[in-house]
Amino acid sequence: MAPERLQKVLASAGIASRRDCEVLIAEGRVVVNGEVVQVAGTRVDPDVDTIIVDGNPLGARQPRTYIMFHKPVGVVSTSEDPQGRPTVIGMVDVPQRLHLVGRLDFASEGLMLLTDDGSVTQALTHPSNQVEKEYHALLDATPSADDLREWRKGITLPALEDEGSDNDNYDEEGDIIASEPTITTAPAWVTVLEQTDAGTWLRVVLHEGRKRQIRRVAKALGYEVLRLIRMREGPIVLGDLAAGAWRPLTDEESAKLQQHAEQAESMARAVAQRAAAAERKTARIHTDNSHTEQTPANELKELQDEAVGLRRVMTRDDEEKKPRRRDDDAPRTDAPREERPSYGSRPSGDRPAYGDRPRGDRPSFGDRNGPPRGDRPAYGDRPRGDRPSYGDRNGPPRGDRPSFSDR
C-alpha cells in the first residue's frame, strides 16, 4: 500500500487518537525500522516497515466501522444516561466500541455518525476544522427579510458557561451564563424552503457547533423552533433512513468521510499558519491613522471566509447546484406572468399589411420619368458645335518650344 503519515497509521491501528499519537511520536516512544522517530508526518508503510510503540510491535490494521443513525426525538446523545432515557449507543447494536461524531440535543432529530476511527472523530468535531452541518428547521412564523439577513451575518447572544459542549441538557432554565457576556455566531447559510400550515421550514447550514445554536438564534429574533432535523454532516446525507434506524456507511461514503476529514484538518492548518503570519506582519505595522494596510482582524476574517467558501465547494461536489434566492427568500409563487403575445401575433390595429397598402396614383418605379427635363436633349444627342474631337485638339500654340522628343 502507499506510504501514509505515521500518526495516521498508529491511530488506524487503535493505539490512540491521531493527536495523541503525535504526542507519542514527539516523546520518542515510536520506533520505525530500529530508529526512534520523533517527527510527526513521517511517511511509513505498515505492510513493509517494522513499527514498535512502547516496545510492542504494531498490530495489524483493523478495519474501521462507520455508521449513520437517524436519531429520533427523546433519545440522548450519550453512551449511558443516569435518568434511564434511551441512548444513541444503546440503540446501535454492534460489537465495536463506537464514538459519537458530535451530538444532537434531546428534542432534536436527524443524522448522527458513529465510528471507532478516533482520527475521523477528532477531525469532524474539532471547532477549528469548521465542518458543515445542514439542518431543516420548522419555525412558528416566516422570518422577515431583515431577520434572515441578520441570521446570515451572525447574531449576538448571551454566552453560556458550556458554550461549546453541544451537550444534551435541553432545560434552558439550567443554563449558566458565562463570565464573557456575549458571543457572536458565525455567518450561516439560511434560506426559506417551504411555508406550510404548521409553520415555515428553513434550511440552515452551520460550520460551528455552539450549544443549541439554531434554537437560540431563532428565539433572539422572535421565533420558536418547533422541529429541528439534521440532514447532512460533511459529505454524508441522511437520505430516506427511517427514524430510529441505522446502517453502515457504504465503502464510497466511508472513503468520502475519511477524505473530508483529512481535507478539513489540512485546511484548518493552512488557515492557522496564514493567520499567524498575519499577526507577525501586524507587529510591524505602524499605528498612525494614515496607514492603509489591512488590519490583522480584517485579514484573519478574510482567511476564515475563504476557508468557509472552500469547505462549501468541497462538501457540495456531488450536490446539485441551486440558484440563489433574492434577499427576502420568499417562496416563489405559481402565478403566471402577464400574458404577452408573441411578436408575430401582436395586433397591428387597422393598419393593412405592407403588401396590401394602397399606392394611389403613384406609378411603379420603372414607369417613373422623374421631373420634366425641359428641352434638354439626351446626353448622346447634345450638339457638339465646332468643338474638335479630342484627338484633333492642338491645344494652345507652343511657340518655339521643341517637341519633347526633339529636346
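Brief remarks on what is shown
- Residues in region 50-64 that are closer than 18 Å to R18 by Cβ and either aromatic (F, W, Y) or modelled with pLDDT of 90 or more (or both): I51, V53, D54.
- Matching entry among T115, T125, T87, T142 (being assigned by TED's automatic domain parsing to the domain that holds T200, in contact with a strand residue (DSSP E or B) (Cβ under 8 Å, 6 or more places away or on another chain) and closer than 20 Å to R210 by Cα): T125
- The residues listed here are S108, S119; of these, the one that is over 22 Å from R203 (Cα atoms) and either of a type outside the set (D, E, K, R) or surrounded by fewer than 21 Cβ atoms within 10 Å (Cβ to Cβ) (or both) is S119.
- Screening region 156-179 for residues that are surrounded by 12 or more Cβ atoms within 10 Å (Cβ to Cβ) and of a type in the set (S, T, Y) and picking the one that is modelled with the lowest pLDDT gives Y170.
- Any chance G209 is surrounded by fewer than 20 Cβ atoms within 10 Å (Cβ to Cβ), in a loop (DSSP other than H, G, I, E, B) and modelled with pLDDT under 95: yes
- Extreme residue, surrounded by the fewest Cβ atoms within 10 Å (Cβ to Cβ), among residues of region 143-155 that are out of contact with any Phe, Trp or Tyr (no Cβ under 9 Å at 6 or more places or on another chain) and farther than 30 Å from E265 by Cβ: D146
Residue-by-condition table, conditions (1) closer than 30 Å to D93 by Cβ; (2) within 32 Å of the chain's Cα centre (by Cα); (3) in contact (Cβ under 8 Å) with a residue 40 or more places away in the chain:
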{"residue": "R18", "(1), (2), (3)": "yes, yes, yes"}
{"residue": "V53", "(1), (2), (3)": "no, no, yes"}
{"residue": "N56", "(1), (2), (3)": "no, no, no"}
{"residue": "I67", "(1), (2), (3)": "yes, yes, yes"}
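- Check on D116, modelled with pLDDT under 95 and of a type in the set (D, E, K, R): yes
- For G110, the requirement of being touching a residue at least 24 places away in the same chain (Cβ under 8 Å), part of a strand (DSSP E or B) and assigned by TED's automatic domain parsing to the domain that holds M231 is met.
- S128 touching a residue at least 24 places away in the same chain (Cβ under 8 Å) and crowded, with 18+ Cβ neighbours inside 10 Å: no
- Some residue of region 56-74 being in contact with a strand residue (DSSP E or B) (Cβ under 8 Å, 6 or more places away or on another chain) and farther than 30 Å from G102 by Cβ: yes
- Among the residues making up region 180-206, none is without any contact (Cβ under 8 Å) to a residue 12 or more places away in the chain and buried (at least 19 other Cβ atoms within 10 Å of the Cβ).
- Test: V39 is in contact with a strand residue (DSSP E or B) (Cβ under 6 Å, 6 or more places away or on another chain), surrounded by fewer than 18 Cβ atoms within 10 Å (Cβ to Cβ) and of a type outside the set (G, A, S): no
- Only one entry of R280, R232, R215, R274 meets the criterion of being among the basic types (K, R), touching a helix residue (DSSP H, G or I) at 6+ places or on another chain (Cβ under 9 Å) and more than 23 Å from V88 (Cα to Cα), and that entry is R274.
- Looking across region 233-248 at every residue that is assigned to a loop (DSSP other than H, G, I, E, B) and under 24 Å from the mean Cα position of the chain (by Cα), the one that is surrounded by the fewest Cβ atoms within 10 Å (Cβ to Cβ) is identified as D240.
The values are calculated or read from the model by the stated rules, or taken from the named source; none is laboratory data. Source: prediction; values computed, not measured. Note: ideal-geometry Cβ built from the backbone for every residue, glycine included; neighbour counts use all protein chains shown.
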